[in-house]
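A short write-up of the structure that comes next.
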Amino acid sequence: MMARWFIFLEITDPDVNMLLSSLRHIFTDEDMHHNIHITLKGPLKGKINRHQIESVSKNFCDETILLAGTGIFKTETDSVVYIRARNDKLWKVWLKPDYPRKKYGFNPHVTLYKGRDGLLANKIYEFLNRERIELLCRSFKITPYLSKQTPIFSDADNEKYPASFERLIEVGKIQRNILERAKQLMEEHENTLQLPLW
């Protein structure tokens, strides 16, 4: 299989990244070391160069991304649950050949669940809808990505994120026990799968 290249808008706000990566980890058991991101372009043919990254980055100087509203869609194999991303500049740079705008519309987002369990996807969608997550993010970077690998231009001074999103709780954006309730949802779903069918 040929390499698939992408351009990501990586969320580097420590609190937003920790909250969303924690939820994604609970829902999918995915490694938390991968930053939360919005796919802006890809898959693209050929290696992405620094000029392409700088060109996309110029669009987002002093911009704010709103992460709000939950959505769900199905592919041939998976269900995907996500938080919508909003900013006028996203339209300008958006290019996803596998999901052309004319057929699929314009839908920048942060994926929090991707998997084959449609019932679980619906439960996660309902849970996130009840939470009414609405976050403003001013800290992000544009990065190239090669599928199944790590970002290509890694910064030597990459930030270490605190294991908390206390600021979001303090300003009333998130309820303090959101992760415990997300874990409870997953445990209850797992228990329903183990019930005898009689």
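Debye sum, Cα scatterers, segment 1-40, no solvent: what log₁₀ I/I(0) at q = 0.18, 0.35 1/Å? Result of the Debye calculation: -0.55, -1.11.
All other residues with a Cβ under 15 Å from the Cβ of Val93 taken together, and with Lys, Arg as +1 and Asp, Glu as -1, what is their net charge? Numbers along the way, then the final one.
Values: positive: Lys41, Lys58, Arg86, Lys89, Lys92, Lys96, Arg101, Lys141; negative: Glu10, Glu54, Glu63, Asp88.
Residues close to Val93 contribute a combined charge of +4.
Counting only protein heavy atoms and using a 1.4 Å probe, the accessible area of Asp98 comes to about 70 Å².
Report, to the nearest whole %, how much of the accessible area of the chain belongs to carbon and sulfur atoms, 1.4 Å probe, protein only. Intermediate values should be presented prior to the final figure.
On the way: 6090 of 12050 Å².
The value for the chain is 50 percent carbon and sulfur by accessible area.
Treating each Cα of the chain as one equal point scatterer and applying the Debye formula with no solvent, the log10 of I(q)/I(0) at q = 0.17 Å⁻¹ comes out as -1.26. Near Leu95, the amide H atoms lying under 5 Å from its own belong to Lys41, Gly42; only residues 5 or more places off or on other chains count, and H is placed 1.01 Å from N. Rolling a 1.4 Å probe over the protein heavy atoms gives the chain an accessible area of 61 Å² per residue. For segment 40-109, the tally of Lys pairs with Cα-Cα distances below 17 Å comes to 13, considering only residues 8 or more apart or on different chains.
The values are calculated or read from the model by the stated rules, or taken from the named source; none is laboratory data. This is a predicted model, so every value here is computed, not measured. Don't worry about glycine lacking a Cβ; one is built from the backbone with ideal geometry, like all the others, and counts go over all protein chains shown. The area values use the complete protein model at the heavy-atom level, side chains included, leaving out ligands, DNA and RNA. Shrake-Rupley method; radii C 1.70, N 1.55, O 1.52, S 1.80 Å.
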